[in-house]
Amino acid sequence: MRLLVIGSGGREHALCRKLAASPLADAVFCAPGNGGIAEVATCVPLDPLAFPEMIAFCRRERIDLVVVGPEGPLVAGIVDALEAAGIAAFGPKAAAAALEGSKGFTKDICAKYGIPTGAYKRCTSAVEAKAFIAENSAPIVVKADGLAAGKGVVVALTIEEANAAVDMIMGGAFGTAGAELVVEELLDGEEISYFALCDGSHAIPLGSAQDHKRAYDGDRGPNTGGMGAYAPAPVLTPELDAEIMARIIHPTVAAMAKEGRPFTGVLFAGLMMTKSGPMLIEYNTRFGDPECQVLMARLQSDLLPALLAARDGALDRFDLRWKAEAALCVVMAAKGYPGDYAKGDVIGGLERAAALPNVAVLHAGTKQATDGRIIANGGRVLGIVGTGPDVAAARTAAYAGVDALDWPGGFCRRDIGWRALPQGR
Ligand code: AMP
């Protein structure tokens, strides 16, 4: 089969590696890809939002399946456009990607179908939002309704902070994504990321992970796209796993089918393990980054038949095998990220790191210079994945990989996985 992966991050590098390893794959392309993806796929300089060019490329290259990594193209309808042109694509259509594209839509689905989540109100004016905040008091959570690259959420500890968040979001900080707000109850507990593969009417578990959103050690500093992750989440017992599938994932898939928006693709649930059981914080409609990197490191089965079964509505007869080991990913970012940072540093030691046992080096913001050397070309630049019998061993492997690199312009957190270690818990 001839495959095209859309995206350019560590997530897409993990997907490309896994797909390229499939005996069913004859060719893998990635648009636009990055310096590391180029080792396993042919990178093509296509804009993920330029659908006509994408369709022309797929026809020219006789692409059998397009796998979409990021949310932007999904919410904008890339799967609708490709399928309408007769090109098979893995991922939700725009109507189903609304689970990520509109937080208010998701909350309404939860309310209508009894899916456990916090109390909330959708607001289209600042006056309405502030009245709800005054009624419910702080702490409280204020969110832009639409896509805001993970930055549209404020967990406000005081009423003043909550009101300021309303003004910031409605003042246009996130453009049209902030034209509507969701104000919601703060959920208390341990947070996990839970993934399910869905085919429109069935869902199977894809594993769990926990990530680290803050830039610096001790979960301090500004929010980022994610500085590291590990899988599986130790809090997730088999009983909790079954409860999440029964009370959250299956009801959502059934609800979306009933609404005439069947969900096909990866359903990524941000969950809070509260005293009264798992509750939904939010949905994403694709793999997480860096969660995908650790999920793929644990997946024993061939990924491609699973994606095809999801696209073809055949997951009821499908089963995935997982390695018993744990995986942990440390993200290396350019100094200054998530603020301003420099591009163009040469990164040394990549082969040395990748040659270490149980270490994989995944690229995100990198590019290959004309002399073949790899240079930093983004905020989050590399993901070093370690595997081992438990999270502690996976972490040791990942940091051995980090220490083999030669990149003075980069930094990483030194405490990824702390919550999963005996002393952390
Ligand atoms: P979201 O983009 O909705 O996942 O929000 C980003 C982060 O804010 C989440 O990963 C949580 O850590 C936190 N958060 C969002 N909503 C809530 C909530 N209702 N209660 C507690 N924490 C929340």
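The single condition among (1) within 16 Å of the ligand (Cβ to nearest atom); (2) at pLDDT 95 or above; (3) acidic (Asp, Glu); (4) surrounded by fewer than 17 Cβ atoms within 10 Å (Cβ to Cβ) that GLU184 does not meet is (4). When GLU160 is tested against (1) open to solvent by less than 60 Å² (accessible area, probe 1.4 Å); (2) modelled with pLDDT of 95 or more, exactly one condition is not met: (1).
Residues are listed down the side, and each one gets a yes or a no for (1) within 23 Å of LYS275 (Cα to Cα); (2) touching a Phe, Trp or Tyr at 6+ places or on another chain (Cβ under 9 Å); (3) exposed (fewer than 15 other Cβ atoms within 10 Å of the Cβ); (4) of a type in the set (Gly, Ala, Ser):
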| position | (1), (2), (3), (4) |
| --- | --- |
| ALA97 | no, yes, no, yes |
| SER102 | no, no, no, yes |
| LYS107 | yes, yes, no, no |
| CYS110 | yes, yes, no, no |
| TYR113 | yes, no, yes, no |
| GLY118 | yes, no, no, yes |
| LYS121 | yes, yes, no, no |
| THR124 | no, no, yes, no |
| ALA134 | no, no, yes, yes |
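Any chance region 331-345 includes a residue that's under 26 Å from SER301 (Cα atoms) and either surrounded by 22 or more Cβ atoms within 10 Å (Cβ to Cβ) or touching a strand residue (DSSP E or B) at 6+ places or on another chain (Cβ under 6 Å) (or both)? For region 331-345, residues under 26 Å from SER301 (Cα atoms) and either surrounded by 22 or more Cβ atoms within 10 Å (Cβ to Cβ) or touching a strand residue (DSSP E or B) at 6+ places or on another chain (Cβ under 6 Å) (or both): present. The residues listed here are THR237, THR264, THR274, THR252; of these, the one that is open to solvent by 40 Å² or more (accessible area, probe 1.4 Å), over 13 Å from the mean Cα position of the chain (by Cα) and β-branched (Val, Ile, Thr) is THR237. Taking region 136-148 as the range and being at pLDDT 95 or above and either over 29 Å from the mean Cα position of the chain (by Cα) or more than 10 Å from the ligand (Cβ to nearest atom) (or both) as the test, no residue passes. Every condition in (1) touching a residue at least 60 places away in the same chain (Cβ under 8 Å); (2) not in a loop (DSSP other than H, G, I, E, B); (3) not acidic (Asp, Glu) is met by ILE115 except one, and the failing one is (2). Among the conditions (1) open to solvent by 10 Å² or more (accessible area, probe 1.4 Å); (2) free of Cβ contacts under 8 Å to residues at least 40 places away in the same chain, ALA38 misses just one, which is (2).
Filtering region 47-76 to residues that are without any contact (Cβ under 8 Å) to a residue 24 or more places away in the chain and assigned to a loop (DSSP other than H, G, I, E, B) leaves ASP47, ALA50. Within the option set GLY9, GLY86, GLY77, being modelled with pLDDT of 95 or more, surrounded by fewer than 24 Cβ atoms within 10 Å (Cβ to Cβ), out of contact with any helix residue (DSSP H, G or I) (no Cβ under 8 Å at 6 or more places or on another chain) and not aliphatic (A, V, I, L, M) holds for one residue only, GLY86. Considered as a group, the residues in region 193-215 that are closer than 27 Å to ALA138 by Cβ and out of contact with any Asp or Glu (no Cβ under 9 Å at 6 or more places or on another chain) include one that is nearest to the ligand (Cβ to nearest atom), and that residue is ARG214.
Residues in region 410-425 that are modelled with pLDDT under 95, open to solvent by less than 60 Å² (accessible area, probe 1.4 Å) and assigned to a loop (DSSP other than H, G, I, E, B): LEU421, GLY424. If you go through region 291-302 and keep only what is under 19 Å from ALA203 (Cβ atoms), surrounded by fewer than 23 Cβ atoms within 10 Å (Cβ to Cβ) and either within 14 Å of the ligand (Cβ to nearest atom) or of a type outside the set (Ser, Thr, Tyr) (or both), you end up with ARG298, LEU299. What's the number of the only condition in (1) in a loop (DSSP other than H, G, I, E, B); (2) open to solvent by less than 30 Å² (accessible area, probe 1.4 Å) that VAL28 fails to meet? Going through the list (1) in a loop (DSSP other than H, G, I, E, B); (2) open to solvent by less than 30 Å² (accessible area, probe 1.4 Å), VAL28 breaks only (1). Looking only at residues of region 305-341 that are among the small types (Gly, Ala, Ser) and touching an Asp or Glu at 6+ places or on another chain (Cβ under 8 Å), we find that the one that is nearest to VAL294 (Cα to Cα) is ALA326.
Can you say whether ALA257 is surrounded by 15 or more Cβ atoms within 10 Å (Cβ to Cβ) and within 15 Å of the ligand (Cβ to nearest atom), as far as the supplied structure shows?
On the way: surrounded by 15 or more Cβ atoms within 10 Å (Cβ to Cβ): yes; within 15 Å of the ligand (Cβ to nearest atom): no.
It is false that ALA257 is surrounded by 15 or more Cβ atoms within 10 Å (Cβ to Cβ) and within 15 Å of the ligand (Cβ to nearest atom).
Taken over region 163-181, the residue count meeting the criterion of being of a type in the set (Val, Ile, Thr) and either open to solvent by 10 Å² or more (accessible area, probe 1.4 Å) or within 12 Å of the ligand (Cβ to nearest atom) (or both) is 1. Counting only residues that are closer than 17 Å to GLY175 by Cβ and assigned to a loop (DSSP other than H, G, I, E, B), which one in region 136-148 is most open to solvent (accessible area, probe 1.4 Å)? Ranking the candidates gives LEU147 first.
Going by what's in this entry, would LYS151 be described as within 12 Å of the ligand (Cβ to nearest atom), open to solvent by less than 20 Å² (accessible area, probe 1.4 Å) and basic (Lys, Arg)? No: the conditions fail for LYS151. A residue that is away from the ligand (no atom under 16 Å from the Cβ), of a type in the set (D, E, K, R) and surrounded by fewer than 24 Cβ atoms within 10 Å (Cβ to Cβ) cannot be found anywhere in region 282-290.
The values are calculated or read from the model by the stated rules, or taken from the named source; none is laboratory data. Keep in mind the model is a prediction, meaning the values are calculated, not measured. Heads up, the Cβs are rebuilt from the backbone with ideal geometry, glycines too, and the neighbour counts pull from every protein chain shown. Ligands, DNA and RNA are stripped out before the accessible areas are found, and what is left, the full protein with its side chains, is counted by its heavy atoms. Shrake-Rupley method; radii C 1.70, N 1.55, O 1.52, S 1.80 Å.
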